Amino acid sequence: MATTTQMRVRGRPAHTIGPTYLSYTPDGTKLVTVGSNNLFRVYKTGFDGEPTNIDDCPEQNMGVDSTNDFFVTGSEDGTVSKYSLESMSFDNFLMRCSLPIRDVSISRDGKWCAVASDELVVKIVRTNDTSSVMYLREQLKPVKHISFDPSSNYIALSCTDGLVYFYSLTGDEPELVHKVDGLIRTVETDEEISSRVAWHPDGRAFAAPTATRDIQVMSRGDWEKQRAFTGGHMGDITALAWSPNGAMLASAGKDRKIILWETKTQKILTTYDYADVMDIAWHPTKNLLSFTNSNGEVYIYNDFVPGDHAHLVKLGSQPAPFVHDPLSEISANARKPTVNGHKDVPHRGARRGSPDSLDDILGSEIMGDEDDFVVDDDGAGYALVNANGKRPNGDTDPFDGPLTKRRNQTWEPQYHESFQPGSTPWRGNRKYLCLNLIGFVWTVDQDTHNTVTVEFYDHEFHRDFHFTDTFLYDKACLNDNGTLFSCPANKDTPATIFYRPHETWTTRADWRTQLPKGEDITAISLNESFITVTTTANYVRVYTLFGIPYRVYRQKSSPTVTCASWRDYVLTLGNGPVGADGNTKLLCTILNIKRDEVCQNEDLVALPDGETVKSVFFSDNGDPCIYDSTGTLLTLLHWRTPSQATWIPLLDTKLLSRLASGRKTESYFPIAVADGKFHCIILKGGDQYPYFPRPLLSEFDFQIPLTLNPRPDSGDDEDDEPANEGDELKKLEGDFVLKSLLTAQHQDLIDSTKSSHSQRSALARMELEIDKTLLQMMAVECREGEERGMRALEMVTLMRDRSGKMIEAAGKVAERYGRAVLGEKIREVGEEKLLGVMDED
Amino acid sequence: MALPLSAGLTPTEVAFLCEMEMVTVIPRQRLESISLLSGPTPALRPPHRSPLPLWLALLLKRQRRANILPPPWLLPLSLERILKYETETSPETFSPPPPHPHPISARPSPSDSVSPPFLPSSTADAPAGYLPYHWLELGEILLEACPDDIPDSGRVRGLLRDLREVRMAKMRGSVSAVEGGGVMSLKGVGAMEVAEGRGFIVGVMDGLRKLGSSREVARREREEEGGAGGGDDEDEDMGFE
C-alpha cells in the first residue's frame, strides 16, 4: 500500500487550541488526552463514538501519563493530579509546585511518578503515598522532559541547559550517574521543540533529538553514540516514540511531517504529512498510533504502519540499533552460541485454522471473549492472546535465550573465551586492535569500511600511517618490523591475514594469505621471526615474516584461547579438561618452533577458581607473563625445562599502595612488562577497557605480595620512627625475593641461549645485588639487638658469594654493632663455605 | 651596595633555580645519555618514562621530542584539595610541604639535608595534595610550555591563581602578627612567595622598627630626664638610617 492511496485520517477536535498531550494505558484499552481547556478525554480503543469526558480539572495541562487504573496530569497552575480510570473522576493531588509543571512520567510498575516543573528540583512522588518524595537536585536549570527507563532503575532528565542527566534509582537515594553533553540542544521549557530522551524498550539504549534535526541513539552502558536516524526531518523534532517492540521509531517535526523509521536499518519506512504534532503514542500491541497537535486535535491512526511493513508490529522485542551490539558480538570461540532470542525466527503470520476445528464450527461468538472467564483486569498478560490463540512471550528479554536454555540442560562447562592480547572490544564505532610499547593500532567503523590508524611512540624511527580498510580487520599485532592484521571470514571471503612491514627495499613487501574455508582466526601474534595464528579449527599456523608457511599443527587443548610469541618460542593457551568449579582448566604450551622442541607440554596455568586470563605476553627479557582477572601479574619461571615451570606472582594490583586509602576504585589494562616494570593503563570509574583519547601509560614496580602492605603515611610523625625500621626490613625482604626471582630468570636465559659477555656480567652483578640486600638486612637485624642474632646468621648463610668477601663484610658489620658472638659464628660459616667450595672442586 | 637590587632573589633567579627540579618526561624519540654536570641523564626510549631536569625537559618539549608528565599535585583534583585546606580546613596557616622522600630517622644520614631543587618533588611519583617548594614557578612554567600535556589546563591555571591569591593574602596578613612581636610560621611557603613577600614584609618590618625606635628614643629621653643613664642602643639604631 503506497502512501498516496492512504485515507487521510481526520483529526478529532478534543481540546481548544493549545498544547495537547496523550497517553495510552499499558493494556491499550484507553487513550487519555489532555489539553489547554479544563476537560480530559478518555477514548476507548476500537470504539469510534464520543469519548468519556472528565470535567473537574485544571486548564493548561502540560503532561499526562497513565497506568491501567489511573492517570496523572500536570498543569501550568503547578498541580499534579491523579484521576481514577475506573470511576473517571478526580482522585487526589499528588503534588503542588510553585511554578508550572512541564512533564509527568509514571514508572512502569506504577508506583512512582516523576514531575518536572520550572523549579530546579525534579521530584519523584509515590503514587499511593504523597508523603514519600525523592528529590533530584543536581541539575542547574529547569528540566523539560523526564523519562523512566523500562526497568525504572534509571531516569533521564532533559534539562534546558542542553545536558541530559541520568539518575540511578536503585539505591535509597537517587544518585546522579552520568551527564551527557552535546546530545540534545538547549530548549526552553515552554517551546514546542522536543529534547525528550526516548528509551528503547530493551533498556540498553535511548534516542534523543539532536540540534542537527537527527535522532541519535546512545547506549546506556558506556554512554557512547551508536546509530543515528539521519536526514529525515527538515525542521526541529517535536515528538519521538519507539514502537512497543522497539522495531520502529516514529518522529514528528516542525517540517509538518511524521516519519516512521525502521530501527534495524535506520531507514525511513514511510512519511506522513501532519502539522504541529506535539505528542505521539503507540498502542501497546496493535498497529495503531495516536498523536496530538497544538490545535487541540487528536488523531487515532489505525494501520499506521503500512501493509508491507506491518509484520514489524508483530515481531517480538527487537534489539536497539548498536554499531556493534555487545550481546550479538559472536566470540571467535569454536562453539557457536545458541541463537539469541527471536532474532532469527522468520515471520510466518497468523496460522490458518485447521480444517473443521472447534473454533471454526462454533464461531467466535461462542468461543470468544464473552464467556471467557479469565479477564485480564490487572494487565499481567496472562489473558493476552496473539493471532495464533497462544499467549505471547512478550515479556521475555530478547537476549535471555542462552541462559534459559542452559538452565534446562543439566550442566555445561564454562569455557575460557578466546581473546587477542592487547585489544579492546568495540565501543561505539571504535576499537583498539593492539596496544603495546611500540605503538597502538585502532580502527573506526565507517559503516561500509573501516579506517585503521597505526601510531608509534617513537616518532623518529617510524612514521604513523593510516589506511582505508575494506576487509574489516578485527585483530592486529605491532612490532618494530611490521604490522600484522587479520580479518574474520564472512559470506564470500575466507579469513585472511595481512602483514605489512614498516621498511622495505623492494617495491612491494606486504602480503596476504587466506585460510581454508570455514576456519576462523582466534588470535594472532607477531615477533621478530615468525607469525603465529591460532584458528577455530584448533590449528596453530606458523608463517615466516614473508608469508612462507613454516609449520602447521593441531593444538592439543581446545578450543584455543590465545597465543603469544617471542623469538622462536610460541606460547598457546587452550581450554583443557573441566575443573571442580565447572570451568575448564587453562592449559599452556610453549614450543620452540625452530628447534622443534616442546618446552612446556599442556601445563596448567595456575588460576584461582572461576578466574580467567586477561592478557598474556612475553616480557622484554622473554619470560611469559599473564595478567589474570584478579588483577595479578604472574610470570613463568624455569619454563624452558619441561614440567619445571612455576607461576610466580610479580605484582598484585589490588595491594598497590595507591589503592590503600580505599577511596579509589580503579582497574588496570595490562600493556607490557619491560625494564623490570609493569606497564599498564589505569582505568577509572569502572571502565573495563581503555578508550579515546588514548590514556597515558603508567608503570609500576614489581612487588611480590609477601606481607600486609605498609599503610601509606598518614602524616602523624610519632608513629614514623618504629614503623620505619619494620618497613625498611620488609622492603629489603621484598627486594631479596624479587631479585632472586629475576636472577633465576636471567640464569635460565643465559643457560639456554648463546649468552653474551654483557649478559654474563649482568648476572654476576645481579647476584652481587642479592648479597648486598642480604647484607643490608643483616645490618638492620644487628642494629635491632643481640637477640635477633640467629636471624642475622641465617641471612649470612643465604649469601651466594663464593669468594668469601661478602661474608667477611658481614663479619665487619656485626663487629661494628658490637655483636661479638654473631661475628664469631659468621666467621665459622665463612670458613665452612670456603671449605665446602674446595671440596666440590 | 652598588647593585640596585634589593636583598634576596629576584623572580627570574628563583625561576632559574626551579629549572633544576626533576620532572618526568615521556620521550617521543630516542636519545642517548648525555653527560651533564649533575650526572648523566638516562637514555630516552619511547614510551618509557624518565626523569630529567626541567630545563632539559622544556628544551625537548619545545623541539617536540618529548611530552612532560605533570606532577600529581598539579592535577585539578589535588589543587582543589589544597585550596580547600587553605581556605576551609586551616585558614590561618599554609598547607604543609610534601613529606621528605628520604625517611628521616633517628640516625643522621646524608639525605637529611637534601633540599629543593634536589628533591624529586615534581616527578610523576611525587605525592599529590602537597605544594612543593617551587610550586608556583613550576606550575607557571609548565602551563606556559606544555598546556597540552596538562589535563584541564584552564582549570589548573585558575586554581593556581586562586591558591596564589589566598596564600599572598595570608602572607600579607602575617604582618599583623609580626606587629605584635610574634613570628608566623612560614612552613610550606614556596620560593617565589618568599621572594615576592620579602620586599613587602621587610619594608613593613623596617617601618615598624623605625616607628618603634623613635618611640623608644622618646621613652629613653624621658627616662634620662628622670635621671637614669644608659642609651648606647640609640647610636646603633641610627646607624641604619
- prompt: Looking only at helices (runs of 4 or more DSSP H) that fall completely inside segment A:747-841, which ones have 1 or more residues that are polar (S, T, N, Q) and modelled with pLDDT of 85 or more?
  reply: A:757-784, A:789-797
Candidate set: segment B:29-67, residues that are within 14 Å of chain A (Cβ to nearest Cβ) and in contact with a Cys (Cβ under 8 Å, 6 or more places away or on another chain); chosen: the one nearest to B:Cys18 (Cα to Cα): B:Lys61
query: In segment A:33-67, what residues are under 24 Å from A:Asp190 (Cα atoms) and free of Cβ contacts under 8 Å to residues at least 40 places away in the same chain?
result: A:Val34, A:Asn38, A:Leu39, A:Cys57, A:Pro58, A:Glu59
message: Checking the condition among the β-branched types (Val, Ile, Thr), crowded, with 16+ Cβ neighbours inside 10 Å and more than 19 Å from A:Ala523 (Cα to Cα), which residue from A:Thr665, A:Thr632 passes?
response: A:Thr632
task: Restrict the check to segment A:539-551 and report whether at least one residue is in the same structural domain as A:Asp652 (by TED's automatic domain parsing), among the charged types (D, E, K, R) and more than 34 Å from the chain's Cα centre (by Cα).
output: yes
task: Report whether or not B:Ala195 is surrounded by 14 or more Cβ atoms within 10 Å (Cβ to Cβ), at pLDDT 80 or above and part of a helix (DSSP H, G or I).
output: yes
message: Within segment B:61-68, does at least one residue satisfy the condition of being touching a His at 6+ places or on another chain (Cβ under 8 Å) and farther than 26 Å from A:Ala674 by Cβ?
response: no
- request: Identify all residues within segment A:623-650 that are closer than 14 Å to A:Ile590 by Cα and of a type in the set (S, T, N, Q); write none if there are none.
  value: A:Thr635, A:Thr641, A:Ser643, A:Gln644, A:Thr646
- prompt: B:Tyr130 versus (1) among the aromatic types (Phe, Trp, Tyr); (2) modelled with pLDDT under 85; (3) crowded, with 16+ Cβ neighbours inside 10 Å: which is the lone unmet condition?
  reply: (2)
- request: Scan segment A:159-178 for residues that are farther than 16 Å from A:Ala211 by Cα and either of a type in the set (Gly, Ala, Ser) or modelled with pLDDT of 90 or more (or both) and jot them down.
  value: A:Tyr165, A:Phe166, A:Tyr167, A:Ser168, A:Gly171
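One line per residue, one yes/no per condition, for (1) over 15 Å from A:Lys431 (Cα atoms); (2) touching a Phe, Trp or Tyr at 6+ places or on another chain (Cβ under 7 Å); (3) in contact (Cβ under 8 Å) with a residue 60 or more places away in the chain; (4) within 14 Å of another protein chain (Cβ to nearest Cβ):
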| position | (1), (2), (3), (4) |
| --- | --- |
| A:Asp447 | no, no, no, no |
| A:His462 | yes, yes, no, yes |
| A:His466 | no, no, no, no |
| A:Asp480 | yes, no, no, yes |
| A:Phe485 | no, yes, no, no |
| A:Thr496 | yes, yes, no, no |
| A:Glu503 | yes, no, no, no |
| A:Thr506 | yes, no, no, no |
| A:Asp520 | yes, no, yes, no |
query: Going through segment A:13-24 one residue at a time, which ones are outside any strand (DSSP E or B) and surrounded by 22 or more Cβ atoms within 10 Å (Cβ to Cβ)?
result: A:Ala14, A:His15, A:Pro19, A:Thr20
message: Just to be sure I understand the filter: pairs with C-beta atoms under 9 Å, separated by 6 or more residues or on different chains, first member in segment A:627-655 and on the phi > 0 side of the Ramachandran plot, second member buried (at least 22 other Cβ atoms within 10 Å of the Cβ) and among the basic types (Lys, Arg). Which pairs pass?
response: none
message: Filter segment B:143-162 down to the residues that are under 20 Å from A:Leu697 (Cα atoms) and not β-branched (Val, Ile, Thr) and list them by number.
response: B:Cys146, B:Pro147, B:Asp148, B:Asp149, B:Pro151, B:Asp152, B:Ser153
message: Looking only at residues that are within 14 Å of chain A (Cβ to nearest Cβ) and closer than 17 Å to B:Val189 by Cα in segment B:90-126, which one is nearest to the chain's Cα centre (by Cα)?
response: B:Pro97
field: Unmet requirement for A:Ile184, which otherwise passes all of (1) in a loop (DSSP other than H, G, I, E, B); (2) over 17 Å from A:Leu157 (Cβ atoms)
entry: (2)
query: Which members of segment A:636-645 meet the condition of being farther than 20 Å from A:Gly574 by Cβ and part of a strand (DSSP E or B)?
result: A:Leu637
- request: Identify the single condition in (1) modelled with pLDDT under 90; (2) in contact with a Phe, Trp or Tyr (Cβ under 6 Å, 6 or more places away or on another chain); (3) crowded, with 21+ Cβ neighbours inside 10 Å; (4) of a type outside the set (Lys, Arg) that A:Ala156 does not satisfy, given that it satisfies every other one.
  value: (1)
field: Selection within segment A:438-457 - within 22 Å of A:His502 (Cα to Cα) and outside any strand (DSSP E or B)
entry: A:Ile438, A:Tyr457
field: Residues being at the interface with another protein chain (Cβ under 9 Å from one of its Cβ atoms) and part of a loop (DSSP other than H, G, I, E, B) - total across segment A:691-702
entry: 2
task: Considering only segment A:669-690, state which residues are closer than 15 Å to B:Arg45 by Cα, charged (D, E, K, R) and either part of a strand (DSSP E or B) or in contact with a Pro (Cβ under 8 Å, 6 or more places away or on another chain) (or both).
output: A:Lys677
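The values are calculated or read from the model by the stated rules, or taken from the named source; none is laboratory data. Because the structure is a prediction, the values reported are computed rather than measured. As a convention, Cβ positions derive from the backbone with ideal geometry for all residues, glycine included, and neighbour counts pool all protein chains shown.
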